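Heads up: the structure comes next, in structure tokens.
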Amino acid sequence: SHTILLVQPNQRPETRTYSDYESLNECLEGICKIFEEHLKRLHPHDPSITYDISQLFEFIDQLTDLSCLVFQKTYGTYTPHNKDWLKEKIYHMLRKQAGK
């Protein structure tokens, strides 16, 4: 269901952004893409970027804020979720993808 991702990379309020996605899965993939873009900026000359989940989680932990709002059709409201919930969902998504 519709998901809004809220990101604040550092302490400065003006760095706050949001993205919206058609599904939670798209949102989780969006978080991975944000991290991959971060890695590309750090290593602009590397032809390919690889990372493991611990590096991704470390990146998430370093963000001042990362949370999402997931639409609940039953109630017609959005439910907020924090970094730990997102990390757990990312972990399950990546495990499922690796199992394919």
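The values are calculated or read from the model by the stated rules, or taken from the named source; none is laboratory data. Small disclaimer: the values here were computed from a predicted structure and weren't measured. As a convention, Cβ positions derive from the backbone with ideal geometry for all residues, glycine included, and neighbour counts pool all protein chains shown. Surface accessibility is based on the protein's heavy atoms, side chains included, excluding ligands, DNA and RNA. Shrake-Rupley method; radii C 1.70, N 1.55, O 1.52, S 1.80 Å.
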If the elastic network links every pair of Cα atoms under 10 Å, which of Thr77, Thr50, Thr15 fluctuates the most in the Gaussian network model of the chain?
Thr50
Which residue, Pro13, Pro47, Pro80, tops the fluctuation ranking in a GNM of the chain built on C-alpha contacts under 10 Å?
Pro47
Looking at the P(r) of the range 41-100, how many percent of alpha-carbon pairs lie beyond 17 Å?
57 percent
Solvent-accessible area per residue for the chain at a 1.4 Å probe radius, Å²?
69 Å²
Full extension between Thr74 and Cys32 adds, at 0.36 nm per residue less the Cα distance, a length in nm of 12.3 nm
Calculate for the chain the 222 nm mean residue ellipticity that helices alone would give, adding -39,500 (n - 2.57) per DSSP H run of length 4 or more and normalising by residue count, nearest 500 deg cm²/dmol.
-15000 deg cm²/dmol
Share of pairwise Cα separations in the range 8-50, more than 12 Å, in percent:
69 percent
Just grab the label-to-label distance for Glu22 and Lys83, each label 7 Å out from Cα along the Cβ direction, in nm (one decimal).
3.1 nm
Label zone at Thr64, where the point sits 7 Å out along the Cα-to-Cβ direction: the range 1-40 residues whose backbone N lies under 17 Å:
6-19
Of Lys83, Lys33, Lys73, which is the most mobile in a GNM of the chain whose springs link Cα atoms less than 10 angstrom apart?
Lys73
Amide proton proximity set for His2, modelled H, under 5 Å, gap of 5+
Phe71
Just to check I understand the Karplus step: with θ = phi - 60° and J = 6.51 cos²θ - 1.76 cosθ + 1.60, what whole-Hz values come out for the range 61-77, glycine and proline as x?
5, 7, 5, 4, 8, 8, 8, 9, 10, 10, 5, 10, 4, 3, 9, x, 10
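Once Rh for the chain is found with the Kirkwood sum over Cα pairs, what is the Stokes-Einstein diffusion coefficient at 10 °C and 1.306 mPa s, in µm²/s?
110 µm²/s
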